[in-house]
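Here the structure comes first, spelled out in structure tokens, and everything after it is commentary.
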Amino acid sequence: MGKVLIIGAGGVGTVVTFKCAENTAVFSEILLASRTKSKCDAIAKAIGGDRVKTAQVDADNVPELVALINSFKPDLVINVALPYQDLHIMDACLETNVSYLDTANYEPLDEAKFQYSWQWDYQERFKAKGLTAILGCGFDPGVTNIFTAYAAKHHFDEIHQLDIIDCNAGDHGKAFATNFNPEINIREVTQKGKYWENGQWIETAPHEIHRPINYPEIGPKESYVIYHEELESLVKNFPTLKRARFWMTFGQEYLTHLRVIQNIGMAGIIPIHYNGVEIVPIQFLKAVLPNPGDLGENYTGWTSIGCRIKGIKDGKEATYYVYNNCSHEVAYKETGTQGVSYTTGVPTMIGAAMFLTGQWKGAGVFNVEEFNPDPFMEELNKWGLPWHELHNIDLEL
Ligand code: NDP
């Protein structure tokens, strides 16, 4: 039984808190803290009972975090605020001797650039204190890393090609909305494309490489090679990979909106002066776009995320596809959020449970593929994200 402090009361934080509250065998006490306490209170009320306590915290303020952690004394801090807060929360964990888990790697506010180096730099400090930091435990990164580790462990002697394919075939009825924090999402999808081939990173223009991919129960959807953070740790931890790519589906309407947003400067991250006030265009845009956490009510359709892998088994070429399909409507009925928050928050709870039950352990900073994937895969089936596997099929890619 363990005590968790969850930081961040957005769409993902809602699902993590619901699922931790439901998992009574593992989570004995839950404190949900965020910048806006009323959002924490609303989530606690929706869950009901007195399972979830709430608090206000500015996660960019390390002394404030330290005081909160010292007063609650959790066994683990779950960071589902924004990537900007990662290092501050890790600093507070080191100061208070508490382990750490997150879902997205650090990104500086003033540069749209995400990479693991900043957090991997904490390796020796977490190791020296005997603490565990678990990085990227959502769906992608998270489950996609575990799927890859599971495939490598059970179905291949060597993996050579990895294509992570992420399809959102849902319809939220809005002209334009993002499925998680708009600022982080737009920064991510407007970057240059990048993939791994023959020992080096190949850069592309944004959305340059695309093709239709067939998704189970959904059919063909135009899919685009974009850079996604789990590629960085996966090529490091699976050095036999000759090629690793990440594909995401986008509708034409979404891409048109995105192009306009960029062309008129609304995706900008450099502050501008407006009527004597300093504003960051993309932060202003976030304020006028639909809140991803509120999209669930009318969201229909499915997400489908998985890994298509080629490699060698017993001297022969083998292919493997492992995936989960998640219904936005079912996610909404259960937690009041849409499928993207759900597919992120469920694995976060499972990763926390892996740590608290001692099934994932170690001192230092870890990406999730470095742990045993088997108990995590079992829990996915139990907690609402069942997965399916296909062997020796045409991978299309
Ligand atoms: P939201 O914007 O909905 O929620 C973020 C929450 O963090 C908000 O409640 C916000 O507070 C709070 N917050 C922001 N800054 C601070 C701060 N300084 N101190 C305290 N709280 C703060 O985002 P999502 O729930 O959509 O996403 C959460 C995280 O999950 C992001 O890091 C995102 O990148 C990650 N993610 C990971 C995925 C994966 O598969 N690995 C997929 C999707 C998302 P307030 O309400 O006051 O604004």
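Quick rundown of the values:
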item	result
Close pairs from the range 213-228: first of a type outside the set (Ser, Thr, Tyr) and surrounded by fewer than 19 Cβ atoms within 10 Å (Cβ to Cβ), partner modelled with pLDDT of 95 or more and not in a strand (DSSP E or B), Cβ under 6 Å, at least 6 apart	218/169
Subset of the range 32-66 that is aliphatic (A, V, I, L, M) and under 17 Å from residue 3 (Cα atoms) - its residue that is surrounded by the most Cβ atoms within 10 Å (Cβ to Cβ)	32
Where residue 26 falls short, out of the listed (1) of a type outside the set (Ser, Thr, Tyr); (2) more than 10 Å from the ligand (Cβ to nearest atom); (3) within 17 Å of residue 336 (Cβ to Cβ); (4) at pLDDT 95 or above	(3)
When residues of the range 347-397 are limited to those that are over 26 Å from residue 235 (Cβ atoms), buried (at least 19 other Cβ atoms within 10 Å of the Cβ) and hydrophobic (A, V, I, L, M, F, W, C), the one nearest to the chain's Cα centre (by Cα)	349
Some residue of the range 343-358 being touching a helix residue (DSSP H, G or I) at 6+ places or on another chain (Cβ under 8 Å) and among the aromatic types (Phe, Trp, Tyr)	no
Test: residue in the range 241-259 that is under 28 Å from residue 146 (Cα atoms), under 19 Å from the mean Cα position of the chain (by Cα) and of a type in the set (Lys, Arg)	yes
Pair list, Cβ under 6 Å, 6 or more apart: the range 97-109 residue more than 22 Å from residue 3 (Cα to Cα), other residue within 11 Å of the ligand (Cβ to nearest atom) and assigned to a loop (DSSP other than H, G, I, E, B)	105/114; 105/229; 107/114
Test: residue in the range 98-111 that is more than 15 Å from the ligand (Cβ to nearest atom) and modelled with pLDDT under 95	yes
Contacts under 6 angstrom Cβ, first residue in the range 175-193 being closer than 16 Å to residue 107 by Cβ, partner modelled with pLDDT under 90 and away from the ligand (no atom under 12 Å from the Cβ), 6 or more apart	187/112
Those residues of the range 346-396 which are touching a Gly at 6+ places or on another chain (Cβ under 7 Å) and farther than 21 Å from residue 230 by Cβ, in sequence order	356, 363
Output for the range 285-313, where each listed residue is more than 24 Å from residue 222 (Cα to Cα) and either within 14 Å of the ligand (Cβ to nearest atom) or charged (D, E, K, R) (or both)	285, 286, 287, 289, 290, 291, 293, 294, 297, 313
Test: residue in the range 194-213 that is in contact with a Phe, Trp or Tyr (Cβ under 7 Å, 6 or more places away or on another chain) and within 16 Å of the ligand (Cβ to nearest atom)	no
Any hit, the range 147-163, residues being buried (at least 22 other Cβ atoms within 10 Å of the Cβ), among the charged types (D, E, K, R) and not assigned by TED's automatic domain parsing to the domain that holds residue 238	no
Residue within the range 68-86 that is more than 9 Å from the ligand (Cβ to nearest atom), under 14 Å from the mean Cα position of the chain (by Cα) and more than 17 Å from residue 229 (Cα to Cα) present	yes
Test result for residue 193, in contact with a His (Cβ under 8 Å, 6 or more places away or on another chain), surrounded by 17 or more Cβ atoms within 10 Å (Cβ to Cβ) and not aromatic (Phe, Trp, Tyr)	yes
The range 3-14, residues that are within 14 Å of the ligand (Cβ to nearest atom) and over 18 Å from residue 182 (Cα atoms)	5, 6, 7
Enumeration of residues in the range 68-88 that are hydrophobic (A, V, I, L, M, F, W, C) and in contact with a helix residue (DSSP H, G or I) (Cβ under 9 Å, 6 or more places away or on another chain)	68, 69, 76, 77, 78, 80, 81, 82, 87
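The values are calculated or read from the model by the stated rules, or taken from the named source; none is laboratory data. None of these values were measured; they are calculated from a predicted model. All Cβ positions, glycine included, derive from the backbone under ideal geometry; neighbour counts span all protein chains shown.
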